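Here's the structure we're looking at; comments come further down.
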Amino acid sequence: MKLLAVGLNHKTAPVELREKLSFTEDQIPPILKEMLLLSEITEAIVLSTCNRIEFYAVCEDAGKAVDGITAIMSRFGDIDKKSLSSYLYIHEDRDAVTHVFRVASSLDSMVIGEAQILGQAKDAYKIASYNSATGPILNRLMHRAFSVAKKVRTFTTIGLYTVSVSSVAVELAKKIFGRLGGKNVLLMGAGEMAEDAAKYLKDAGATRLIVLSRTFVHASELAVRLKGSAVEFDELYDQLMEVDIVICSTSADHYLITNDRMAKIVKARQHKPLFFIDISVPRNIEPSISSFEGIFLFDIDDLKGVTSQNMREREKAASEAGRFIEEEVNRFLNWLGELSLVPTIVSLKDKFEAIRQQELKEAVSKFENPTKKDREILDAMSRGIINKILHEPITEIKNVHTRGEVLKDITLLKKIFKI
Amino acid sequence: MILGTILLYIIAGAMSIGYAFYRNKKLEVAALVSMILAVILQTGILLLFYRRSDVFPVFSLKYALLMFAWALAFGAILVSVIFKGTTSIIGFSTPFIIILIIVFIVLKGSTKELSPIFNTDIFPIHVMLSITSYGLFALSFVASIMYILQETWLKHKRIIWTTKWLPSLFILDDLAYKTLTIGLPFLTLGIITGALWADRIYGSYWNWDPKETWSLIIWFAYIFLLHGRISLGWRGKKFAWVSIVCFLLVVFGFIGVNFIFKGYHNF
């Protein structure tokens, strides 16, 4: 019995290939069905996200199973089987368990620590178990994976540091204003990053979004899209009296918000906090305004500085999380060993007993007139030999089990005795 | 027992700072728990003293310091339980609490017989009210320090481990302001009960004892600060700085005045 994790991800395969293999929820049940049709595979899960496609399986013969899975992939993704195999990674047993745990904990993600993967893994498991593709081993594996992921998130800082410019902006806003409820956001100009930041702020609770642009039509369009309201450009300084957060992403070649004008506004606002995010290049807000009481100004470099610093923190946390993972992998493998230990011992004893019965029959048949006592002597002797032979190996397996190496040993045992 | 209390406060502070670095929720809980244990132990010390001497345990500067530390610790626990994400106040208030307790240990206890003039009903109330207000002012002071640090770091775009550890500017400002608005009525009542007591003993409400005078100065200082906040729109950094100055006046009034001027206040 082997555990297998086969797949490809953003590190091993180009996006064109991943696109072909990015299956929807409806496409997965037939794939699971195909997998289980392979005689080697007893349990299966398919995890498909935009960054990875992975197949988890419990199988008897890893080589055959990988072959079967590759064939299924090439058929469903319409890719040449030979070229496919160069992009695949194949993990067995301990490596497979480690891999599954790392994926669920978001340590293997493109953006380390992103929170979506856990939900995607849960969905993949749900689909598989709904289609009766999972059994005791994958059930346990996935449940452990989810609990490891939760542990990693709780006990390391991995989910704590935001790594996108927009979410950093939201976080800073929260550190200034506490809650964002009742706060008004002014968006100057357009651009993906600025719109993203505005959307994030609104999702985080900001009450009103005001859009302002050189051309009023643009502002109106954008306002409709972002569910805000548009104002004329010359209202800028009036708006600065009212709003709490300003996102500036204009393409002017000079400062739109100057130190001199701000001096008056700051005073009139009674130093009520005002948070500027200037993502325009060249900058459109005079940097010196940040020396006013209550004014916080971050430009694009400042924000990027925070995100890359946070990314480093996440990487640090990820290596810390490795410790939890290893611990849990050991625990899982112990359980797995225990699971296969009992049946192995039983079949080992059965095999020896069968041999004994056969030899006993033969020996008895060689007597001319075997008495009851003759039979008894032969029976006792053969039983004694077998018990003595088996005693030490069985005790040893049971002891080895506590050292957590049982899986390897059981495989060897099965191989030697052909059970 | 007292050393145990100090040790628990040190642990609480260390856990809180550790939480800042490692962001491990267990450390945060540990900080709060050891803080609560410390306060319980300190309450025990105060009660023991009360039982042994059968007088309210604040008839000397020594024990008043212990009460003061207790009030601050109790307040810090309340704040971190009531307001979300404010456990860092434990890390900031424990140093002050520990200093207060160390001064308590170092200071020689008043050996003189307790004068019967203190044995009136109103006196313990006067002391309790005053110390409660001091505790609240101390919290306001701690929150103001935290505000200034957080503000400075945010302004200079130093987004480091402390950014997450410290609460938002809004909460800190609110906290510094609220503790002060609650503390001021307590101080007012403390002064009034003090005057009532003085009337009973000396036959006159106000005797211009240095401590009396100083408490009046403190009272005006805080009124001035509140006025600045409400009518002049002092907020943020300015408010925090003035609050810190006001608290330094309190500390001087609490400890310093008696060493410089002589009056009938024991402490």
* Positive minus negative residues near B:Leu154 (Lys, Arg vs Asp, Glu; Cβ under 14 Å) -> +2
* Hydropathy first: keep DSSP H helices in chain B averaging at least 1.0 on Kyte-Doolittle, then drop any whose Cα extent along the axis falls short of 30 Å, and list what survives. => B:25-53, B:61-82, B:122-155, B:169-202
* Asked: What FRET efficiency, computed as 1/(1 + (r/R0)^6) with R0 = 56 Å and r the Cβ-Cβ distance, is obtained for A:Glu114 and A:Lys351, rounded to the nearest 0.05?
  -> 0.65
* Asked: Roughly how crowded by other chains is peptide B:154-164, in terms of the mean Cβ count from those chains within 10 Å of each of its Cβ atoms?
  -> 5
* Structure fact -> In the neighbourhood of B:Gly85 defined by beta carbon distances under 15 Å, the net charge of the other residues (Lys, Arg +1; Asp, Glu -1) is +3
* Antiparallel bridge percentage (DSSP; both residues within chain A; nearest 5) -> 45 percent
* Asked: Shielding of A:163-172 by partners, i.e. mean partner chain Cβ atoms within 10 Å per residue?
  -> 1
* **Residues with amide H under 5 Å from that of A:Val211, placed H, sequence gap 5 or more** => A:Leu187, A:Ser229, A:Ala230, A:Val231
* Asked: Angle, helix A:300-366 long axis vs. longest principal axis of chain A, Cα atoms, 0 to 90°, nearest 10?
  -> 10 degrees
* So what's the projected area for chain A, the Cα convex hull averaged over all directions, in nm²? -> 28.3 nm²
* Structure fact -> Rounded to the nearest 10, the angle in degrees between the Cα long axis of helix A:28-37 and the longest principal axis of the Cα atoms of chain A comes to 20 degrees
* Taking the alpha-carbon centroid of each part, what is the distance from segment A:219-269 to segment A:184-208 in angstrom? -> 13 Å
* With a point put 7 Å past each Cα toward its Cβ, work out how far A:Ile416 is from B:Lys26 in nm, to one decimal. => 4.1 nm
* To do: May I ask you to derive the relative contact order of segment B:1-108, considering only C-alpha pairs under 8 Å and at least 6 residues apart, and to give it as an integer percent?
  => 34 percent
* Compute the label zone of A:Arg208 within segment A:251-282: residues whose backbone N is under 20 Å from the point 7 Å along Cα-to-Cβ. => A:265-277
* **10 Å Cβ neighbours from other chains, averaged over peptide A:292-298** => 4
* Which whole-number percent is the relative contact order of chain A (Cα, under 8 Å, 6+ apart)? -> 12 percent
* Stretchable slack from B:Ser231 to B:Thr152, in nm (0.36 nm times residue separation minus alpha-carbon distance) -> 25.9 nm
* To do: Quickly rank B:39-45, B:177-183, A:102-108 as a protection proxy: mean count of other C-beta atoms within 10 Å, highest first.
  => A:102-108, B:177-183, B:39-45
* Order of A:286-296, A:227-237 by packing, highest average Cβ count within 10 Å first? -> A:286-296, A:227-237
* Asked: Within a Cβ distance under 15 Å of A:Phe76, other residues only, what is the Lys/Arg minus Asp/Glu net charge?
  -> -2
* Whole-Å distance, taken between Cα centres, linking segment B:119-190 and segment A:345-401 -> 83 Å
* Lysine pairs in segment B:133-267 8 or more apart or on different chains: how many have alpha carbons under 21 angstrom apart? -> 9
* **Neighbour-count ranking [beta-carbon atoms within 10 angstrom, fewest first] of B:Phe68, B:Phe21** => B:Phe21, B:Phe68
* **Peptide ranges A:166-173, A:193-200 listed from the most packed, as the mean C-beta count within 10 angstrom indicates** => A:166-173, A:193-200
* **Nearest-ten-degree value, helix A:93-104 long axis tilted from longest Cα axis of chain A** => 20 degrees
* Structure fact -> Under the 7 Å Cα-to-Cβ spin-label approximation, A:Ser132 and A:Lys408 lie apart by a distance in nanometres of 3.8 nm
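Where a number appears in this text, it was derived from the coordinates with a stated rule and is not lab data. None of the values given here were measured: they were computed from a predicted structure. Heads up, the Cβs are rebuilt from the backbone with ideal geometry, glycines too, and the neighbour counts pull from every protein chain shown.
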